[in-house]
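In what follows, a single structure is set out as structure tokens and then discussed.
Please treat every number below as a calculation from the coordinates, not as lab data. Note that this is a predicted model, so its numbers are computed, not measured. Using ideal geometry, Cβ is built from the backbone for each residue, glycine included, and neighbour counts are taken over all protein chains shown.
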Amino acid sequence: MSHTETIELGSIGRIVTGKTPSSAIDGAFGGDVPFITPSDMDGRKWIETTERYLTSAGVNAVKNSVLPKNSIAVSCIGSDMGKVVMVARNSVSNQQINSIIVDEERYAPEYIYYLLLPRQKELKDLASGSATPILSKGLFSKVTADVVPLPTQLAIVEILSSLDEKIELNRKQNRTLEAIAQALFKHWFVDFEFPDENGRAYKSSGGTMQPSELGEIPVDWQTGRLDDVIVLQRGFDLPQTKRTPGPYPVLAASGKNGSHDEFKVKGPGVTTGRSGVIGRVFYVHEDFWPLNTSLWVKEFKKAKPAYAYFLLMSLDFEGFNAGSAVPTLNRNHVHSLDMVIPSMELIDKFEEMASSLLARQKCNTEQIDTLSALRDTLLPKLMSGEIRVA
């Protein structure tokens with residue numbers, strides 16, 4: 001391998017600890033400058049959009065903490081310790097993040113990103129403090145790394161970033177497919193602009209409407225409750241100690257949570273969070289095991305899986321939170337929700353289109369998993385020199 005050099009992170013560039021604008025500053029938030037927090041570091045390589053943004057007044061208050069494009073941001077406190085992202089445009093982070101503004105004449109920023117990406121556990125071990133581990137700016141600056149000359153850095157980046165670009169392309173396609181299906185659901189079942197027998201938008205082309213307790217609805221539609229459409233059921237216990245990895249996904253309130261060699265529900269199916277995390281909805285293509293922290297659709301009475309998925313996605317579950325400290329969703333409250341119920345003929349037409357979009361999503365997700373596994377296998381081998389690059 002090309003000659004390696006052991007250096008401290010502080011010598012790669014300027015280390016910046018983030019800062020939150022004082023609450024005394026009026027109008028610090030609500031602008032267009034990303035304000036990065038650990039919760040925004042969700043697995044993306046490049047971070048361009050965040051939950052909150054700063055105004056020019058907010059940025060001016062923390063101007064010494066501004067991060068230019070290509071900076072490397074690393075979360076340095078608590079359970080989120082060691083998450084790494086690249087900054088896609090001028091941004092600011094909060095104080096839970098240390099960042100490196102890379103000296104690009106000597107180091108490739110993406111190489112530094114890949115260098116730090118697999119070191120989350122190591123950074124946690126280095127952190128000081130017991131109740132809340134913290135990797136201070138001083139400690140972070142002293143972390144050492146073995147780096148190769150710039151030409152080799154660039155060659156490694158070319159290999160790994162090509163995989164990441166393909167992964168991100170598939171993710172973008174999935175977001176687009178989801179948006180198309182959601183827009184179609186709203187157009188047909190909220191705006192009543194489904195195609196009539198002549199292929200024209202029903203409501204705007206003069207389709208017959210009828211009065212109901214929920215307002216005017218298409219003439220052959222009904223009103224009822226959610227449990228007239230679907231029936232939700234609490235999931236099943238399955239402690240980690242009782243699990244045997246297998247072909248069937250295990251679904252928790254926050255999504256897939258490992259696998260098991262048995263299933264409880266035939267796919268395709270739909271789940272949503274019951275306890276701990278509520279508001280997220282999941283479409284499951286294969287047979288699966290829903291955990292007791294989730295609700296799953298036990299019966300599609302006047303629905304099909306894809307229709308039920310987008311119907312639940314359109315509901316505001318936060319308003320049904322029956323818990324206190326721990327968010328909890330009571331299925332009986334959700335079942336009582338008043339609903340407009342379309343004809344099954346229309347639901348069948350939507351199902352055909354939406355399930356096709358969801359199948360394409362699944363194909364993309366499988367490619368993402370394959371590419372991610374390849375990247376994760378190659379990364380340490382490239383960094384250690386086990387695999388050499390020209």
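Spread over its residues, the convex hull of the C-alpha atoms of region 10-67 is 95 Å³ per residue.
Using the Cβ of residue 236 as centre and a radius below 13 Å, the other residues enclosed give a net charge of +4, where K and R count +1 and D and E count -1.
In this rough spin-label picture, where each label sits 7 Å from Cα along the Cβ direction, the residue 64-residue 42 distance is 3.3 nm. Under a cut-off of 27 Å between alpha-carbon atoms, report the lysines in cross-link reach of residue 301, not counting same-chain residues fewer than 8 places apart. Partners found: 186, 203, 256, 264, 266, 349, 362.
I'd like to compare 258-264, 293-299, 369-375: which one has the highest average count of other Cβ atoms within 10 Å, and what's the full order after that? Provide the component values of the computation, followed by the final result.
Working: 258-264: 16.0, 293-299: 22.1, 369-375: 14.4.
Ranked from most to least packed, the peptides come out as 293-299, 258-264, 369-375.
Taking amide H atoms as placed 1.01 Å from N in the peptide plane, the amide H of residue 117 has no partner under 5 Å among residues 5 or more positions away or on other chains.
Give, as a single signed number, the net charge of other residues whose beta carbon lies under 11 Å from the beta carbon of residue 204, with Lys and Arg counted +1 and Asp and Glu -1. Residues close to residue 204 contribute a combined charge of -1. The share of C-alpha pairs in region 5-148 whose separation exceeds 28 Å stands at 15 percent.
Only bridges with both residues in region 175-346 count here: give the DSSP antiparallel percent, nearest 5. Let's see the in-between values first.
On the way: 26 of 29 bridges.
The antiparallel fraction comes to roughly 90 percent.
Treating r as the C-beta distance of residue 6 and residue 159 and R0 as 22 Å, the FRET efficiency rounds to 0.45.
What is the antiparallel percent of DSSP beta bridges lying wholly in region 5-148, to the nearest 5?
Working: 24 of 28 bridges.
Among the beta bridges of region 5-148, antiparallel pairing accounts for roughly 85 percent.
Cα centroids of region 24-54 and region 207-269: 33 Å apart. For residue 105 and residue 285, the FRET efficiency from 1/(1 + (r/R0)^6), where r spans their Cβ atoms and R0 equals 45 Å, is about 0.40.
What share of Cα pairs, in percent, lie more than 29 angstrom apart in the chain? Intermediate results must be reported in sequence, preceding the final value.
Values: 43159 of 75855 pairs.
When all Cα pairs of the chain are counted, 57 percent exceed 29 Å.
Counting only DSSP H runs of at least 4 residues, each contributing -39500 (n - 2.57), and dividing by the residue count of the chain, the helix-based mean residue ellipticity at 222 nm comes to -10500 deg cm²/dmol.
With a Förster radius of 35 Å applied to the beta-carbon distance between residue 120 and residue 366, the computed FRET efficiency rounds to 0.85. Projecting the Cα atoms of 115, 139, 22 onto the dipole axis of the chain, where Lys and Arg carry +1 and Asp and Glu carry -1 at the beta carbon, places 139 farthest toward the positive end.
For region 293-390, the calculated P(r), taken from all Cα-Cα distances in 10 Å bins from zero up to the bin holding the longest distance, is 12, 28, 22, 18, 12, 7, 1 percent.
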